[in-house]
Amino acid sequence: MSRAALICLCLILLGCAASDSVDYRNFAIDTYSPTSNEIQLAEARARNYWSRYGPRFGPEPKYLAVETSKVFPYGGLYPKLLNSETTASFFAQRKGNYANLQLKGIMIYDTKTGHFVNDQGYVSVDTPDPGGVARFGDYTARYIGTGRSLFF
């Protein structure tokens, strides 16, 4: 009985440790320029999210990856999809056409300054699990999706 309890405890502890790991694959496949309205709305959502849930996460990483908008497929995208580290969901569909492609615009919010690091966004096909830490371009950030709640 105690052996089974020890195994369960180890599995629980390992599961908790894995949730704080960083996915170092680059989820950004390209950059884009969001509109000023998209930037304002996403920044307000990120600020609200951080004020509500920031103490649960601590100071690191200091960046949040926030979904700003949906991005429509555009020309010259296919080679970027091929060279990406994180477009498995697109190629797993076996259809390989743009009709099923779900592109998300992601911006990086600096929790120290309360603003986005710049006006550039990143295009992403796959995203990490909400709350997960991953790389977007040059930034390692906690992915919060649209920032509407802690549990998406």
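Checking each residue in region 101-123 for being more than 17 Å from TYR74 (Cα to Cα) and of a type in the set (Ser, Thr, Tyr) picks out TYR109, THR111, THR113. Of the candidates TYR63, TYR74, TYR32, the single residue that is over 14 Å from GLY105 (Cα atoms) and either at pLDDT 85 or above or of a type outside the set (S, T, N, Q) (or both) is TYR63.
Taking ASP23, is it under 16 Å from GLN120 (Cα atoms) and either of a type in the set (Ser, Thr, Tyr) or modelled with pLDDT under 95 (or both)? When the stated conditions are applied, ASP23 does not pass them.
Within the option set PHE136, PHE90, being at pLDDT 85 or above and either among the hydrophobic types (A, V, I, L, M, F, W, C) or surrounded by fewer than 17 Cβ atoms within 10 Å (Cβ to Cβ) (or both) holds for one residue only, PHE136.
When region 28-44 is filtered for residues that are of a type in the set (Val, Ile, Thr) and in a loop (DSSP other than H, G, I, E, B), the ones remaining, listed by number, are ILE29, THR35. Selection within region 24-78: residues that are in contact with a Ser or Thr (Cβ under 6 Å, 6 or more places away or on another chain) and more than 21 Å from GLY132 (Cβ to Cβ). The member of this set that is surrounded by the fewest Cβ atoms within 10 Å (Cβ to Cβ) is GLU38.
Cβ-Cβ distances below 6 Å connect the following pairs, each with a first residue in region 56-71 that is within 14 Å of GLY114 (Cβ to Cβ), a second residue that is at pLDDT below 90 and outside any strand (DSSP E or B), and a separation of six or more residues or different chains: VAL66/GLY147.
The values are calculated or read from the model by the stated rules, or taken from the named source; none is laboratory data. Since this is a predicted model, take the numbers as computed values, not measurements. Positions of Cβ are generated from backbone atoms using ideal geometry, with glycine treated the same way; all protein chains shown enter the neighbour counts.
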